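A.B. asks: Handing you a structure now.
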Amino acid sequence: MAETGAAGVVDIEQNKQPVIQALKSKENPFDLTGTITVVTGATGVLGEAFCEAIGYAGGTIVLLGRNTEVGESRTAKLQQTGYEAHFIATDVLNKDDLNRASEEVLAKYGRIDNLVNAAGGNVAEAVIQPHQDLFSVDIEAIKKAFDLNLYGTLVPTFVFGPAIARQGGSIVNISSMAAQSAITRVLGYSMAKAAVDNFTRWMAVELSNRYGDTVRMNALAPGFFITNQNRHLLTNPDGSHTTRGEAVIRSTPYKRFGAPDELGGTLVWLLSGASRFVSGEVV
């Protein structure tokens with residue numbers, strides 16, 4: 001923050017200088033060239049769009065996911081586009097898998113700059129149906145939702161975090177609108193994503209206390225997008241909207257679902273130097 005004078009007025013001219021210098025510079029603050037970004041959940045719908053956005057911004061993408069066929073296919077597609085990409089079959093809940101992936105990335109590229117914790121999604125068994133007894137919730141299914149969404153964010157952070165901390169970088173978690181307000185049926189998913197928000201803010205404070213302004217953590221909370229996990233809740237087999245899908249559309253300003261590539265700009269901003277003074281935010 002800029003210094004204030006005797007009357008407590010912010011010195012606006014002093015505050016403007018870094019902005020002016022950035023505008024005069026020919027460097028693109030959104031450029032990810034030379035950076036290595038690990039993306040978990042890269043075989044998912046949103047994960048695919050995230051990888052394309054990172055590649056478009058010049059970054060190298062390391063795709064992590066359980067589905068080897070999809071992961072290798074997407075990696076080949078990225079490479080054909082001219083992007084540097086590498087796939088490693090990985091289960092984000094398996095720490096040995098993650099440690100092996102970290103070692104492979106460091107051996108190949110020598111560094112890890114960024115992490116996108118995109119693994120997650122709704123768990124069908126944890127959905128509370130309207131006709132279901134509210135007090136007979138499947139607790140094991142709730143735990144499964146927490147494992148995937150919360151621990152699937154924590155464990156990769158703690159595995160890849162040390163490499164990022166050595167030189168500085170950005171970690172982006174994926175939250176949800178379900179963490180912001182009560183959305184019926186998806187109890188486990190909602191609670192897990194709310195925990196991701198809390199982890200994001202808590203970790204941002206600890207990172208700044210220990211590493212200063214070199215390591216940032218933020219979260220991206222997408223609006224309503226159709227993914228493999230929520231498709232059955234929002235659309236019918238013929239592609240039309242379910243009653244729930246129609247209700248979502250009615251409460252969405254654009255009256256449509258989002259397209260995955262519409263998240264790319266925000267993600268690149270959070271990964272790049274353009275957001276270097278942003279940490280602990282859920283966007």
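The values are calculated or read from the model by the stated rules, or taken from the named source; none is laboratory data. Values in this document were obtained by computation on a predicted structure and should not be read as measured data. Ideal geometry is used to build each Cβ from the backbone, glycine not excepted, and the neighbour counts take in all protein chains shown.
A.B. asks: Provide a single number: the residues in the stretch 248-283 that are hydroxyl-bearing (Ser, Thr, Tyr) and loosely packed, with under 15 Cβ neighbours inside 10 Å.
C.D. replies: 3
A.B. asks: Give all pairs with beta carbons closer than 9 Å in which a residue from the stretch 125-139 that is surrounded by 10 or more Cβ atoms within 10 Å (Cβ to Cβ) meets a residue that is β-branched (Val, Ile, Thr) and at pLDDT below 80; count only pairs at least 6 apart in sequence or on separate chains.
C.D. replies: Taking only residues 6 or more apart or on different chains, the pairs are ILE128/THR184.
A.B. asks: Could you please give the count of residues in the stretch 66-124 that are touching a His at 6+ places or on another chain (Cβ under 7 Å) and either among the basic types (Lys, Arg) or under 24 Å from SER175 (Cα atoms) (or both)?
C.D. replies: Number satisfying all stated conditions: 1.
A.B. asks: In addition: Name every residue in the stretch 52-74 that is closer than 18 Å to GLY34 by Cα and assigned to a helix (DSSP H, G or I), in order of residue number.
C.D. replies: Residues satisfying the conditions are GLU52, ALA53, ILE54, GLY55, TYR56.
A.B. asks: Which of the residues spanning the stretch 108-129 are under 16 Å from LYS193 (Cα atoms), touching a helix residue (DSSP H, G or I) at 6+ places or on another chain (Cβ under 6 Å) and outside any strand (DSSP E or B)?
C.D. replies: ALA118, ALA119, GLY120, ASN122, VAL123, ALA126
A.B. asks: Something else: Within the stretch 201-212, is even one residue in the same structural domain as ALA118 (by TED's automatic domain parsing), farther than 23 Å from ALA42 by Cβ, in a loop (DSSP other than H, G, I, E, B) and among the hydroxyl-bearing types (Ser, Thr, Tyr)?
C.D. replies: no
A.B. asks: With (1) in a loop (DSSP other than H, G, I, E, B); (2) modelled with pLDDT under 95; (3) not β-branched (Val, Ile, Thr) as the list, and PHE146 as the residue in question, which single condition is left unmet?
C.D. replies: Evaluating PHE146 over (1) in a loop (DSSP other than H, G, I, E, B); (2) modelled with pLDDT under 95; (3) not β-branched (Val, Ile, Thr) leaves (1) as the failure.
A.B. asks: Can you find, within the stretch 74-91, the residue that is surrounded by the fewest Cβ atoms within 10 Å (Cβ to Cβ) among those that are closer than 14 Å to ALA53 by Cβ and hydroxyl-bearing (Ser, Thr, Tyr)?
C.D. replies: Restricting to residues being closer than 14 Å to ALA53 by Cβ and hydroxyl-bearing (Ser, Thr, Tyr), the top hit is THR81.
A.B. asks: If we scan the stretch 77-95, do we find a residue that is modelled with pLDDT of 95 or more, farther than 23 Å from ASP261 by Cα and of a type in the set (D, E, K, R)?
C.D. replies: yes
A.B. asks: Here's a check for you: in the stretch 178-192, which residue that is of a type outside the set (A, V, I, L, M) and modelled with pLDDT under 85 is surrounded by the fewest Cβ atoms within 10 Å (Cβ to Cβ)?
C.D. replies: Only one residue tops the list, namely SER181.
A.B. asks: Would you say ARG166 is part of a loop (DSSP other than H, G, I, E, B) and either over 22 Å from VAL268 (Cβ atoms) or touching a residue at least 24 places away in the same chain (Cβ under 8 Å) (or both)?
C.D. replies: no
A.B. asks: Let me ask you something else. Can THR81 be described as in the same structural domain as THR200 (by TED's automatic domain parsing) and more than 22 Å from the chain's Cα centre (by Cα)?
C.D. replies: Yes; evaluated as a whole, the condition is true for this residue.
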